[in-house]
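The values are calculated or read from the model by the stated rules, or taken from the named source; none is laboratory data. These figures come from a predicted structure and were not determined experimentally. Glycine also receives a Cβ, built like all others from the backbone with ideal geometry; neighbour counts cover every protein chain displayed. For accessibility, only protein heavy atoms count, side chains too; no ligands or nucleic acids. Shrake-Rupley method; radii C 1.70, N 1.55, O 1.52, S 1.80 Å.
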Amino acid sequence: MYRFLLTRQWVILTLLVLVLIPTMVELGFWQLHRHQHRVAQNALISQNLEAKPEPVSRLTSPGHTVPRSDYWRAVTATGTFDTAHEVVVRRRTNKDERIGFHVLTPLDLKGGGTVLVNRGWVPAADSQQAFPKVPAPPRGEVTVTGRLKADETTGASGIKDLAGLPDRQVMLINSAQQSQLLGRPVLGGYLELTAPEPADGTPEMIPAPDDSSIGSHMAYAVQWWLFAAGVPVGWVILVRREKHDREQAARESETAGEPAPVSV
(Lines give C-alpha, C1' and ligand atoms only; values in the text may rest on other atoms or scores of the structure.)
Protein backbone atom coordinates (compact mmCIF):
# COMPACT_ATOMS: atom_id res chain seq x y z
CA MET A 1 0.00 0.00 0.00
CA TYR A 2 2.78 2.39 0.90
CA ARG A 3 5.48 0.84 -1.25
CA PHE A 4 5.65 4.07 -3.26
CA LEU A 5 7.54 5.56 -0.28
CA LEU A 6 10.52 3.48 -1.39
CA THR A 7 10.70 5.19 -4.77
CA ARG A 8 13.59 7.60 -5.40
CA GLN A 9 11.32 10.65 -5.43
CA TRP A 10 9.75 9.86 -2.06
CA VAL A 11 13.00 8.83 -0.40
CA ILE A 12 14.53 12.20 -1.35
CA LEU A 13 11.43 14.08 -0.13
CA THR A 14 11.44 12.19 3.18
CA LEU A 15 15.14 12.85 3.76
CA LEU A 16 14.55 16.54 3.04
CA VAL A 17 11.77 16.60 5.65
CA LEU A 18 14.05 14.92 8.20
CA VAL A 19 16.69 17.60 7.61
CA LEU A 20 14.29 20.55 7.63
CA ILE A 21 12.64 19.77 10.96
CA PRO A 22 15.74 19.96 13.25
CA THR A 23 17.11 22.87 11.20
CA MET A 24 13.96 24.93 11.74
CA VAL A 25 13.84 24.00 15.43
CA GLU A 26 17.46 25.17 15.81
CA LEU A 27 16.72 28.42 13.98
CA GLY A 28 13.85 29.00 16.39
CA PHE A 29 16.14 28.57 19.41
CA TRP A 30 18.69 30.90 17.78
CA GLN A 31 16.05 33.62 17.54
CA LEU A 32 14.93 32.88 21.11
CA HIS A 33 18.49 33.37 22.37
CA ARG A 34 18.73 36.66 20.47
CA HIS A 35 15.48 37.76 22.14
CA GLN A 36 16.80 36.81 25.57
CA HIS A 37 20.08 38.65 24.90
CA ARG A 38 18.19 41.79 23.87
CA VAL A 39 15.98 41.67 26.96
CA ALA A 40 19.02 41.25 29.22
CA GLN A 41 20.85 44.08 27.45
CA ASN A 42 17.87 46.41 27.81
CA ALA A 43 17.69 45.61 31.52
CA LEU A 44 21.42 46.35 31.88
CA ILE A 45 21.11 49.64 29.97
CA SER A 46 18.18 50.76 32.10
CA GLN A 47 19.89 49.77 35.34
CA ASN A 48 23.19 51.49 34.51
CA LEU A 49 21.60 54.67 33.16
CA GLU A 50 19.50 55.05 36.31
CA ALA A 51 22.35 54.24 38.72
CA LYS A 52 23.86 57.01 40.81
CA PRO A 53 26.90 58.45 38.97
CA GLU A 54 30.26 57.19 40.20
CA PRO A 55 33.66 58.88 39.79
CA VAL A 56 35.12 57.42 36.62
CA SER A 57 38.40 56.50 38.34
CA ARG A 58 36.48 54.04 40.58
CA LEU A 59 35.34 51.99 37.58
CA THR A 60 38.34 52.09 35.28
CA SER A 61 42.09 52.67 35.22
CA PRO A 62 44.90 52.75 32.64
CA GLY A 63 44.90 49.49 30.67
CA HIS A 64 41.54 48.43 32.14
CA THR A 65 39.02 46.70 29.89
CA VAL A 66 35.53 47.93 30.69
CA PRO A 67 33.34 44.85 31.31
CA ARG A 68 29.90 44.58 29.75
CA SER A 69 28.33 44.93 33.21
CA ASP A 70 29.65 48.53 33.33
CA TYR A 71 28.61 49.58 29.81
CA TRP A 72 26.57 52.83 29.86
CA ARG A 73 27.26 53.26 33.59
CA ALA A 74 26.75 56.88 34.67
CA VAL A 75 30.11 58.37 35.72
CA THR A 76 31.54 61.76 36.63
CA ALA A 77 34.96 63.27 36.05
CA THR A 78 36.54 66.55 37.15
CA GLY A 79 39.46 68.06 35.31
CA THR A 80 40.61 70.28 32.45
CA PHE A 81 40.05 69.62 28.75
CA ASP A 82 43.24 69.22 26.68
CA THR A 83 42.14 70.73 23.35
CA ALA A 84 45.70 70.63 21.99
CA HIS A 85 45.38 66.85 21.66
CA GLU A 86 41.76 66.74 20.55
CA VAL A 87 41.01 64.35 17.66
CA VAL A 88 37.93 63.50 15.62
CA VAL A 89 36.57 60.03 14.84
CA ARG A 90 35.67 59.52 11.19
CA ARG A 91 32.49 58.09 9.63
CA ARG A 92 30.11 58.61 12.53
CA THR A 93 26.43 59.37 12.06
CA ASN A 94 24.03 61.51 14.06
CA LYS A 95 20.36 60.85 14.83
CA ASP A 96 19.45 61.98 11.30
CA GLU A 97 21.92 59.49 9.75
CA ARG A 98 24.18 62.28 8.49
CA ILE A 99 27.83 61.27 8.26
CA GLY A 100 30.33 63.36 10.17
CA PHE A 101 32.73 63.06 13.10
CA HIS A 102 32.69 62.40 16.81
CA VAL A 103 34.82 64.83 18.82
CA LEU A 104 37.22 63.09 21.20
CA THR A 105 38.84 65.38 23.77
CA PRO A 106 41.21 64.23 26.57
CA LEU A 107 40.22 65.39 30.04
CA ASP A 108 43.17 65.70 32.43
CA LEU A 109 41.71 64.67 35.75
CA LYS A 110 42.07 66.58 38.97
CA GLY A 111 44.44 64.50 41.06
CA GLY A 112 46.10 62.86 38.07
CA GLY A 113 45.25 60.71 35.10
CA THR A 114 43.47 61.31 31.80
CA VAL A 115 40.15 60.09 30.44
CA LEU A 116 38.85 60.38 26.89
CA VAL A 117 35.58 62.26 26.49
CA ASN A 118 33.41 61.84 23.41
CA ARG A 119 31.79 65.28 23.30
CA GLY A 120 29.39 64.43 20.46
CA TRP A 121 28.85 64.73 16.72
CA VAL A 122 29.85 67.48 14.29
CA PRO A 123 29.29 67.63 10.52
CA ALA A 124 32.15 66.94 8.16
CA ALA A 125 34.04 69.75 6.45
CA ASP A 126 33.82 70.25 2.68
CA SER A 127 36.74 67.86 2.34
CA GLN A 128 37.07 64.59 4.25
CA GLN A 129 40.76 65.40 4.58
CA ALA A 130 40.09 68.65 6.43
CA PHE A 131 39.63 68.96 10.17
CA PRO A 132 36.01 69.95 10.88
CA LYS A 133 34.88 73.02 12.75
CA VAL A 134 34.72 72.02 16.40
CA PRO A 135 33.41 74.31 19.16
CA ALA A 136 35.75 74.62 22.12
CA PRO A 137 34.86 72.88 25.39
CA PRO A 138 34.50 74.81 28.66
CA ARG A 139 37.73 76.43 29.85
CA GLY A 140 39.33 75.73 33.18
CA GLU A 141 38.30 73.07 35.65
CA VAL A 142 34.98 71.43 34.84
CA THR A 143 32.97 68.50 36.14
CA VAL A 144 31.38 66.37 33.44
CA THR A 145 28.93 63.49 33.53
CA GLY A 146 28.67 60.76 30.94
CA ARG A 147 28.12 57.12 30.05
CA LEU A 148 31.09 54.79 30.41
CA LYS A 149 31.88 52.88 27.23
CA ALA A 150 34.45 50.22 26.36
CA ASP A 151 37.34 50.83 23.97
CA GLU A 152 36.48 50.27 20.34
CA THR A 153 38.50 47.60 18.57
CA THR A 154 38.54 46.32 15.02
CA GLY A 155 37.44 42.88 16.17
CA ALA A 156 34.45 44.13 18.18
CA SER A 157 33.29 46.92 15.88
CA GLY A 158 34.23 45.60 12.45
CA ILE A 159 35.77 49.00 11.69
CA LYS A 160 39.25 48.86 10.20
CA ASP A 161 41.77 51.07 11.97
CA LEU A 162 43.22 52.59 8.82
CA ALA A 163 46.74 53.93 8.55
CA GLY A 164 47.68 57.15 6.78
CA LEU A 165 44.69 59.18 7.98
CA PRO A 166 44.77 62.97 7.96
CA ASP A 167 46.28 64.66 11.00
CA ARG A 168 44.13 64.47 14.17
CA GLN A 169 41.68 61.98 12.65
CA VAL A 170 41.14 58.40 13.86
CA MET A 171 38.78 55.53 13.03
CA LEU A 172 38.33 54.09 16.52
CA ILE A 173 37.99 55.39 20.06
CA ASN A 174 40.72 53.47 21.80
CA SER A 175 42.43 54.51 25.04
CA ALA A 176 45.63 52.54 24.38
CA GLN A 177 46.02 54.20 20.97
CA GLN A 178 45.45 57.67 22.42
CA SER A 179 47.80 56.93 25.33
CA GLN A 180 50.60 56.35 22.83
CA LEU A 181 49.79 59.59 21.02
CA LEU A 182 49.60 61.57 24.26
CA GLY A 183 52.64 59.97 25.83
CA ARG A 184 50.86 59.47 29.18
CA PRO A 185 48.52 56.91 30.79
CA VAL A 186 44.85 57.07 29.82
CA LEU A 187 42.01 55.38 31.68
CA GLY A 188 40.59 52.37 29.84
CA GLY A 189 37.42 52.99 27.85
CA TYR A 190 35.95 56.44 27.40
CA LEU A 191 33.18 58.72 28.60
CA GLU A 192 30.21 59.58 26.37
CA LEU A 193 29.28 63.11 27.48
CA THR A 194 25.78 63.80 28.83
CA ALA A 195 26.42 66.99 30.85
CA PRO A 196 27.09 69.87 30.70
CA GLU A 197 25.24 70.41 27.43
CA PRO A 198 26.89 72.75 24.89
CA ALA A 199 25.30 76.20 24.85
CA ASP A 200 24.60 76.24 21.10
CA GLY A 201 23.84 72.52 20.73
CA THR A 202 27.15 71.74 19.03
CA PRO A 203 28.64 69.18 19.17
CA GLU A 204 25.37 67.26 19.03
CA MET A 205 25.18 65.09 22.10
CA ILE A 206 24.94 61.37 21.51
CA PRO A 207 21.46 60.04 22.38
CA ALA A 208 21.09 57.44 25.10
CA PRO A 209 20.79 53.83 23.93
CA ASP A 210 17.26 52.53 23.43
CA ASP A 211 16.27 50.26 26.30
CA SER A 212 12.67 49.68 25.20
CA SER A 213 12.86 47.96 21.82
CA ILE A 214 13.16 44.17 21.87
CA GLY A 215 12.77 43.60 18.13
CA SER A 216 10.90 40.73 16.47
CA HIS A 217 13.17 37.87 17.50
CA MET A 218 10.52 36.12 19.61
CA ALA A 219 8.00 36.29 16.78
CA TYR A 220 10.60 34.83 14.40
CA ALA A 221 11.32 32.01 16.88
CA VAL A 222 7.63 31.06 17.03
CA GLN A 223 7.44 31.29 13.25
CA TRP A 224 10.32 28.85 12.78
CA TRP A 225 8.79 26.40 15.26
CA LEU A 226 5.44 26.57 13.46
CA PHE A 227 7.24 25.82 10.21
CA ALA A 228 8.96 22.85 11.90
CA ALA A 229 5.58 21.54 13.07
CA GLY A 230 4.01 22.14 9.67
CA VAL A 231 6.62 20.17 7.67
CA PRO A 232 5.67 16.68 8.96
CA VAL A 233 1.97 17.57 8.71
CA GLY A 234 2.51 18.53 5.08
CA TRP A 235 4.45 15.31 4.47
CA VAL A 236 1.58 13.20 5.87
CA ILE A 237 -0.95 15.06 3.72
CA LEU A 238 1.15 14.43 0.60
CA VAL A 239 1.52 10.74 1.48
CA ARG A 240 -2.22 10.31 1.99
CA ARG A 241 -2.98 12.18 -1.24
CA GLU A 242 -0.52 10.00 -3.15
CA LYS A 243 -2.05 6.85 -1.64
CA HIS A 244 -5.55 8.06 -2.52
CA ASP A 245 -4.56 8.90 -6.10
CA ARG A 246 -2.96 5.48 -6.59
CA GLU A 247 -5.97 3.63 -5.16
CA GLN A 248 -8.32 5.64 -7.36
CA ALA A 249 -6.19 4.89 -10.41
CA ALA A 250 -6.28 1.21 -9.51
CA ARG A 251 -10.08 1.18 -9.20
CA GLU A 252 -10.50 2.98 -12.52
CA SER A 253 -8.20 0.46 -14.18
CA GLU A 254 -10.20 -2.44 -12.79
CA THR A 255 -13.46 -0.85 -13.97
CA ALA A 256 -12.06 -0.45 -17.48
CA GLY A 257 -10.90 -4.05 -17.44
CA GLU A 258 -7.25 -3.12 -17.45
CA PRO A 259 -4.68 -4.58 -15.09
CA ALA A 260 -4.04 -2.37 -12.09
CA PRO A 261 -0.70 -0.59 -12.02
CA VAL A 262 1.91 -2.30 -9.90
CA SER A 263 3.40 -0.16 -7.11
CA VAL A 264 7.16 -0.11 -7.16
Among K243, K95, K160: highest mean-square fluctuation, GNM of the chain, C-alpha pairs under 10 Å: K243
All aspartates and glutamates inside 15 Å of K160 as judged from Cα atoms, apart from same-chain residues fewer than 8 positions distant: D151, E152
Per-selection metrics, the range 105-174 (Cα): Rg and Dmax in Å: 14.3, 40
Angle in degrees between helix 8-50 and the longest Cα principal axis of the chain, rounded to the nearest 10: 30
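Just the accessible area per residue of the chain, please: how many Å² with a 1.4 Å probe? Don't skip to the end; give the middle numbers.
On the way: 15440 Å² over 264 residues.
Per residue, the chain has an accessible area of 58 Å².
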Along each principal axis, Cα extent of the range 165-260, largest first, Å: 99, 30, 23
With every protein chain in place, the chain: carbon and sulfur % of accessible area (1.4 Å): 56
With DNA, RNA and ligands ignored, accessible area of F101 (1.4 Å probe; Å², nearest 10): 0
Of every Cα-Cα pair in the chain, the percent that sits beyond 29 Å: 52
Spin-label model distance (nm) - H64 vs L16, 7 Å beyond Cα toward Cβ: 5.8
Cα-projected label distance for A249 with L5, points at 7 Å along beta-carbon direction, nm: 1.9
Packing-based ranking, highest mean first, of 13-24, 118-129 given that Cβ atoms within 10 Å are counted: 118-129, 13-24
